[in-house]
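Visitor: Dropping the structure in here first, questions after.
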Amino acid sequence: NGIENKAFEAPGPERAEPDRPARDETLGASSEAELQEGPCGWGSCTPSALQLCNNPQGYLAAYSLLAVAQGIVVNGLVNISLSTIEKRYELNSSLTGLISASYDISFCMLSLFVSFFGERGHKPRWLAFAAFMLGLGSLVFCLPHFGSGKYHYGIKLEDTCQTSETTSANITCNARRKSSHQNYLYVFMLGQMLLGVGGTPLFTVGTAFLDDSVPKYKSSLYIGIGYAMSLLGPAIGYVVGGQLLNVYIDIQIPERQDTTYMKVDQDDTRWLGAWWIGFLGLFFAIWLLIIPISMFPKHLPGTAKIQAEKISETHDDGSEALVQMMNIGDSFKDFPMALLILLKNPVLMSLITSSSSEALVATGFATFLPKFIENQFGKTTSFSATLGGLVLVPAAALGQLISGFLVSKYKMDLKSIIKFMISTSAVALLLNTVFLFTECRNEPFAGVSETYNRTGTLNNLTAPCNANCGCLQSMYYPVCGRDGVQYFSPCFAGCTSYLVDNSLTKMYYNCSCVGKPKRESGSEGVLFEAVPGKCPTQCKFFPFFLITFFFAVVFTFMAVTPTTVAILRCVPDKQRSFALGVQLVFLRLLGTIPGPILFGIAIDNSCTLWDMDECETKGACWIYDNKRMAYLLLGTSAACKIIAIIFLVLGLYFYKPPASNKAVLQQDAEMVSAVN
């Protein structure tokens, strides 16, 4: 009923055989793609210079830039700014957790619909829409800074022992009144939801377009590069955001005449950094990306030929024939049937469950690895956060690049990809046992692991030597005593005085709880008994832990790119974007949302000293049992990885390749033999 197009005829006499997997669906899609392959540009404006970018490499560059920008905002700047936002707008941790979860809520609500409609639409335009929403979300997120007025940092609280008889009497429980600044919570949530709207097309429709435009055995390499670039974003976000937090929140520090208002510096607990600058800058940068992204045509040149040459590896459960026969995916009324087809695909659901279990571990460690390093090895908070990022981000990017390259180089079919994922997950599980061999004992801590010079009791910070100091357990400012024991704060160490040396470091003396004071040279008779910070740890496992955990992360993320490729191959062609949308919904619901919660519960179970304010309200945990923390993290991560491996094995067991593929492989082998 139409004109034959020789471009779509397979070479050789075998093209007419029924065994050939070049389906009518694929041919129809290829014809449509050829009709809509076009030049780069905007309408009739198609400069010849732009055609140099009208290829998969040009699209990959634009996709990667947007992925980097999304990573900077969502996984970099937001995460590093939450603690500052919490203080500035007087929000508790549960409310800042709601801000963080707003991105995932929006993502889950829209992912299925965007991926369903985006499959048949103009994918580069969907990506331009993603850039618009990401930029808008960045702008909205920083608006509270411009509406909340100047920051007033208040008076500086004294950290030493105040022996006045009225000190302890003045510490009363005053219920906090709700601040008007807390209403900005809803603005932050709106910004996060807009960012979620922008992230949805990027990792569903955008990834599927990349797979459409390259040969099957090259798609893993391209997707691996794109995903690796998305991991570069958080690294840039943490570095840039960390530097911006060294700038005062209102840029210029106000001068005060009142001496009770001591000028703040970066070491002061009242200091707040300029968290908002990064969001404002990314708003302009992301919107500039709309211009190059919107220039790509609906299909890149050569897409039709690439689609015609691809051999189906769809799981043989009849879904492909059903989608083709009923033309599922052309209208919204097909949505329930399309979703049901994917949910009934055992290979797809096994891959999704496995990747969700791995995502739970990855997000848990991304959130709490700095806390583990800080407490296990006695490092500072900032150093632990920086080091955690330097381990996680490069290792994750390297793992995705290596796996994408290997799958592409060895032209793995679907079964080989799943076997490859099983092997990498098993190696990652073995490497995770590093927690068994690197747990470090807790250093002596007065009132927690030992008494105050044989006075007082365990699990009680107050002892006779500091009973009259009126110390607050909500002010955690650890100091290391001359006796090698760590104290909760200079006040709990009984220190009544301090001097500031040439390096602007406080040196505390007259500390009634610290044993055996020592005369320091050059101190002019002053007895220095405690210095700020935790006591140096005696644990020597830190380098071994970093190296081993780095490779554990590499092997963990070596399963990410192959999982995406396997999902794209095991479902009908018309449902590839939709399958990625389903995966991302499950990834959020089963992985990234509960991951930090489960790891947080595990870490909280190892707490030995909680923050208690004057109203006896429990706050954050100050001191952890290192051994218990290491074992709980190992148990949680090992359980998730075992679940992931089990579902990969199930996916391999359930997978049935199309029957026609066997005939094709046999014919290809015979042709090779004949040529030789």
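Visitor: Given contacts defined as C-alpha pairs under 8 Å and at least six residues apart, what's the relative contact order of the stretch 342-420, whole-number percent? Please list the in-between numbers first.
Guide: Numbers: 23 pairs, mean separation 12.8, N = 79.
Normalised by residue count, the contact order of the stretch 342-420 is 16 percent.
Visitor: Of the accessible area of the stretch 369-437, with the probe set at 1.4 angstrom, what percent is carbon plus sulfur? Each step should come with its number before you reach the end.
Guide: Working: 2010 of 2860 Å².
So the carbon and sulfur contribution to the accessible surface is 70 percent.
Visitor: Give me the accessible area per residue for the stretch 56-158, probe 1.4 Å, as a whole number in Å². Please report the intermediate quantities before stating the final value.
Guide: Details: 3790 Å² over 103 residues.
So the stretch 56-158 comes to 37 Å² accessible per residue, rounded to a whole number.
Visitor: Please say if the stretch 408-482 is rounded, prolate or oblate, where rounded means a/c under 1.5 for a ≥ b ≥ c the square roots of the C-alpha gyration tensor eigenvalues, and otherwise the choice is prolate for a/b larger than b/c and oblate otherwise? Don't skip to the answer; put the middle values down first.
Guide: Numbers: a/c = 5.60, a/b = 3.96, b/c = 1.41.
Prolate, since a/c reaches 1.5 and a/b exceeds b/c.
Visitor: For a protection proxy built on the mean count of beta-carbon atoms within 10 angstrom, sort 207-216, 573-582, 82-91 highest first, please.
Guide: Working: 207-216: 23.2, 573-582: 26.3, 82-91: 18.5.
Sorting 207-216, 573-582, 82-91 by mean packing, highest first, produces 573-582, 207-216, 82-91.
Visitor: Can you list the residues, at least 5 places off or on another chain, whose amide H is less than 5 Å from the amide H of Trp622, using H built in the peptide plane?
Guide: Those lying under 5 Å, H to H, from Trp622 are Leu609, Trp610, Asp611.
Visitor: Still on this structure, please answer the following. Per residue of the stretch 484-494, what does 6.51 cos²θ - 1.76 cosθ + 1.60 with θ = phi - 60° give for ³J(HN,Hα)? Whole Hz please, x for Gly and Pro, Karplus curve as stated.
Guide: Result, rounded to whole Hz: x, 9, 8, 10, 4, 6, x, 5, 5, 7, x.
Visitor: Further question: From the Cα gyration tensor of the stretch 521-604, with a ≥ b ≥ c the square roots of its eigenvalues, which class applies: rounded if a/c is under 1.5, or else prolate if a/b is larger than b/c, or else oblate? Don't skip to the answer; put the middle values down first.
Guide: Values: a/c = 4.79, a/b = 2.95, b/c = 1.63.
Judged from the Cα gyration tensor, the stretch 521-604 comes out prolate (a/c at least 1.5, a/b above b/c).
Visitor: Mind ordering 557-563, 630-636 by average Cβ neighbours within 10 Å, highest first? List each step's numbers first, then the result.
Guide: Working: 557-563: 27.1, 630-636: 18.7.
For the peptides 557-563, 630-636, the packing ranking is 557-563, 630-636.
Visitor: OK, next. Taking 0.36 nm per intervening residue step and subtracting the Cα-Cα distance, what contour gain separates Asp250 from Ser423 on full extension?
Guide: Working: separation 173, 0.36 × 173 = 62.28 nm, distance 5.19 nm.
Taking Asp250 through Ser423 to full extension adds about 57.1 nm, to one decimal.
Visitor: Right, here's the next one. Starting from the Cα gyration tensor of the stretch 56-131, take the square roots of the eigenvalues, sort them a ≥ b ≥ c, and report rounded, prolate or oblate (rounded when a/c is under 1.5, otherwise prolate if a/b is larger than b/c, else oblate).
Guide: Since a/c reaches 1.5 but b/c is at least a/b, the shape of the stretch 56-131 is classed as oblate.
The values are calculated or read from the model by the stated rules, or taken from the named source; none is laboratory data. Computed from a prediction, not measured in an experiment: that's the story for all the values here. FYI the Cβ positions are ideal-geometry reconstructions off the backbone, even for glycines, and counts take in every protein chain you see. The protein model used for the area step is the full one, side chains on, heavy atoms only, and it has no ligands, DNA or RNA in it. Shrake-Rupley method; radii C 1.70, N 1.55, O 1.52, S 1.80 Å.
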